[in-house]
Structures are given as structure tokens and as C-alpha cells.
Amino acid sequence: RKKQTTVNIVITPDKRDYLQHEPINGTIALTNSDTINIQAITVHVAGFLSTFSTTKSGLKEDRHNFFQTKPVVALMGKNNKVLSIPSGDHPIQFSHPPLNAQVSTPCHLPEKFQVFWEVVATIVFEKAKASATSGHQIEFHLGHEIATIQAPSSVVIAKQKFLTHLPIQYQCVLHKTVFIAGETVAMTLDIKNNSRMKLLSMQCELKQLWRVKKQTEEFTTLRFEVNSAPFFPLDPKGEVEKMLQFKLPPKLQPSVFLNTMQNEFTPLTLTYEFHLEFLTEKEDRYTLRVPVNIEDNFPAREPIPPPPLPVEPTSEPMYDNTPISDNRGEFTEANQQFVPPASFEPPPPYQAQSWDEHETPPNYPIPAAVPHDDVNSGGLYPVLPGMKPYTPPADSFDFQNLPAYNPAFSNAQQTH
């Protein structure tokens, strides 16, 4: 009876994350209970696509190996001869060349799709048909540049048409179209409402579009609504152009772009779009699609702040705020009082002018602008230009000859 030999192999890369142009290095730990004869120990990199479906027994996974590199020898005998390895623990160093290909990078839509990558070590025995393998998941990254190279336009223009009246024109401008998770988006909307209906609101959603062969799945990662000033409601024949800013979710999977030269390297693609749905008062809906890219943030960089919001113009003040003098007083809010400057001297108190009883009061001359009749004693009735002198009527009292029936006149005669 042959003695049973136990062989255990574990591959461990030196790190988890790799750019496509980086070599993959690490260690293979081989443990065998007895001497083994092998042809070689090899290393390769493999990409897998899993699709999931729901069955009566639960979630079913269909795994497909869509990418695999040629095996690289980590250990073998000289001149391709059989190599005998004694029992014990044997650490074996390996180095795999860079991937250097545009591929579907690791991503996962729960219960739908998953792409993952492994670095795999394999022992090829001398006579045994079976082989021993060990895999370890790694993360492949395409870096910052590819999202920028394939960046969509920052301006999207559309027109909502109607049968009975003029259209509504939309223009959406983004300050850029390549973002990392958590960055702030500056979106400028220019809306010209040429219709006869009010425009009431806009709902903004950030959509993930997952495509595998002919199957497409849509997943919403962000949603908010704008239904108030300064955008809405927008009256018929009205126009508004304003900027709004909002943050992206803190966790977003990077965009996965199609490899147009080798489609088999990218069986899954992942793209992003803002869906801006506008609603009129008659419940007409229109969706404006604005594509963006989510950058593979590796190596990690900090978010870049957006441009500042434009400042609304204000009317000029009706008064001048320039200081009049350095020697002004000061108003203190603490005691609500005006504090005069140190050089301030109050005026003397008012004193009414009086004359001594033996003095003659001043006689101010009559203004020459108004002529007077010198014949008329006392100058009671002024003679204005073009007028005759005043003549008292015939029945006027003559204070020199008072009537006899006047009691005051009789008393006066008696006293004298």
C-alpha cells in the first residue's frame, strides 16, 4: 500500500492593489509531508465574470473565466528535468509581468453581476494527472487617465417639443465630467420656457448602467428634487440660468469602459448618467441625460473643490459710506449714545435780548420794496404799484366825534 503524501500550497501577493503596468510579486508557501516530484510551479492571472440568477433553491452563480495570462514559471528543474522537493516548508518567490491591457476591473452589483481577479499558483506533478492550485484575489486598477481620455462633453442641449405650442429649451453645463466619489458637482442649468405651461420641478438622479452582453441593469445611486426658487416655478415665456452644487455619494464604483479592440477583455461595462426629469403643470415629463465618468481613484487623490457659486448683483447704496472726517463722534452700541470727539465745544446757552426802560428800542427801517403813502398818517394802508390810495367809506366811525349814545362817551363827558 502506497504511503499518502499531503501537499499544501498558498500564494500570497505582496499587496492587494495593482495598476495595469505594475508587476505582481509575492510568495508561494509550499508544504509537503513527503518528497514530491514536480515538473514546475507556475503563476498566472485570471479574470472572472459571475452572473447571478434567482432559482427556487436560492441564488445561482454562473462563473466565466474571460481573461487569463500565459503561465509564468516560479520553480522548475534545470533543463526541464523533474524536480524532487523534500518534505518540509518551502517559501518560493515569484514575479508576474504587468497586465498591460484594458480590462473589466473589479466591480459588483449584488445579486446581478460581479467581476473579480485572482493570481493563481499551480503545481504540475511529474505523473499525476491532477494538479494543486491556490488563488488569491487582487484588485486591478486602470488609473486616473482612462476616465479623462474618455470624458464626455460638459455641455448637453435638448428641446422638449409639443404639438400645440413652442418648445422648452434646456442646456446643462458641468464644470467637468470626470469625478471621484464624494466630489462636488457644479451644474449650471439654462432653461427657456417658450411654452404656455409653467415648469414646476426637476428631479435629478445619478444612474449606474451595467451592461453584460445584451443585458442592461440600471441602479440609482443618488436622487434629489428641485422645486423652488430660484429655478421653479418657471412661468410661460420665462427664462432662468442658475448654478446648483451637490455632492456625489462617498462610495462609487469606477466606470468600466469597453475595449473596442478586444471586446472579450471587457465583458462587463459600467457607465454613469445624470437623469434630469422636468415636470410641467400639465404633468408632461421630459428627461435630459447627462453622461459623466467616475474615475478609478488609485493612487488616491483628494477631491478638488468646485468653482465658487456666482454672487448675485446688488443695487448701489443711495448714500455714501465714505467717512466724512476723522474727527467725527462715535456711536457706541453698548449704551446707545453718541460720544462727541474730544475737541467738541457746545454753544453758549440762548439768552433773550432785552432793553433798559430808559433806552429806546431799535427802529428797523421799513423795506424799500413796498412803497407807502406818506400823506396817510401812520402809513396803515400801503400803496402798491397800480393801486389808488385807500379811502375810508362814508359810514366809517370817526374816533374824534363819537356818537352820543355811546355810554363810554357820556361817562367821559361827566368826568370832565
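Quick look at the numbers
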item: Residue check, Thr6 touching a residue at least 60 places away in the same chain (Cβ under 8 Å), over 30 Å from Thr269 (Cβ atoms) and out of contact with any Leu (no Cβ under 6 Å at 6 or more places or on another chain); result: no
item: Search result, residues across the range 142-193 that are outside any strand (DSSP E or B) and either among the acidic types (Asp, Glu) or closer than 20 Å to Val226 by Cα (or both); result: Glu145, His175, Glu183
item: Options Val226, Val173, Val256: the member that is open to solvent by 20 Å² or more (accessible area, probe 1.4 Å), touching a Cys at 6+ places or on another chain (Cβ under 9 Å) and either at pLDDT 95 or above or of a type in the set (S, T, N, Q) (or both); result: Val226
item: Checking Asn100 against (1) within 26 Å of Lys213 (Cα to Cα); (2) touching a Pro at 6+ places or on another chain (Cβ under 6 Å), the condition it does not meet; result: (2)
item: Residue within the range 237-253 that is within 30 Å of Gln68 (Cα to Cα), at pLDDT 95 or above and surrounded by 12 or more Cβ atoms within 10 Å (Cβ to Cβ) present; result: yes
item: Where Glu22 falls short, out of the listed (1) part of a loop (DSSP other than H, G, I, E, B); (2) in contact with a helix residue (DSSP H, G or I) (Cβ under 9 Å, 6 or more places away or on another chain); result: (2)
item: Filtered residue count, the range 120-170, keeping only those that are more than 24 Å from the chain's Cα centre (by Cα), under 30 Å from Leu234 (Cβ atoms), of a type in the set (A, V, I, L, M) and exposed (fewer than 13 other Cβ atoms within 10 Å of the Cβ); result: 1
item: Residue match in the range 53-64 (condition: surrounded by 15 or more Cβ atoms within 10 Å (Cβ to Cβ), small (Gly, Ala, Ser) and on the phi < 0 side of the Ramachandran plot); result: no
item: One residue from Glu118, Glu139, Glu111 being among the acidic types (Asp, Glu) and at pLDDT below 95; result: Glu111
item: Qualifying positions in the range 150-192 - among the acidic types (Asp, Glu) and free of Cβ contacts under 8 Å to residues at least 60 places away in the same chain; result: Asp190
item: Among residues of the range 63-81, those that are in a loop (DSSP other than H, G, I, E, B) and more than 58 Å from the chain's Cα centre (by Cα), counted; result: 2
item: Residue match in the range 31-39 (condition: within 30 Å of Ala101 (Cβ to Cβ) and modelled with pLDDT of 95 or more); result: no
item: Hits in the range 52-69 - residues which are in contact with a His (Cβ under 8 Å, 6 or more places away or on another chain) and farther than 16 Å from Ser131 by Cβ; result: Thr69
item: Residues satisfying the stated conditions in the range 278-297, i.e. open to solvent by less than 50 Å² (accessible area, probe 1.4 Å) and either without any contact (Cβ under 8 Å) to a residue 40 or more places away in the chain or over 19 Å from Lys247 (Cα atoms) (or both); result: Phe278, Leu279, Thr280, Leu288
item: Number of positions in the range 88-135 that are within 24 Å of Phe265 (Cα to Cα) and in a strand (DSSP E or B); result: 18
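Residues are listed down the side, and each one gets a yes or a no for (1) among the hydrophobic types (A, V, I, L, M, F, W, C); (2) surrounded by 14 or more Cβ atoms within 10 Å (Cβ to Cβ); (3) in contact (Cβ under 8 Å) with a residue 24 or more places away in the chain:
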| position | (1), (2), (3) |
| --- | --- |
| Asn79 | no, no, no |
| Leu83 | yes, yes, yes |
| Gly88 | no, no, yes |
| Asn100 | no, no, yes |
| Cys107 | yes, yes, yes |
| Glu111 | no, no, yes |
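Every residue, every condition in (1) more than 24 Å from Lys242 (Cα to Cα); (2) open to solvent by 20 Å² or more (accessible area, probe 1.4 Å), yes or no:
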residue: Thr184; (1), (2): no, yes
residue: Lys192; (1), (2): no, yes
residue: Leu209; (1), (2): yes, no
residue: Lys214; (1), (2): yes, yes
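The values are calculated or read from the model by the stated rules, or taken from the named source; none is laboratory data. What you see is a predicted model, and the numbers here were worked out from it, not measured in a lab. When we count neighbours, we look across all protein chains shown, and the Cβ atoms used for this are built from the backbone with ideal geometry, even at glycine. Heavy atoms of the whole protein, side chains included, go into the accessibility calculation; ligands, DNA and RNA do not. Shrake-Rupley method; radii C 1.70, N 1.55, O 1.52, S 1.80 Å.
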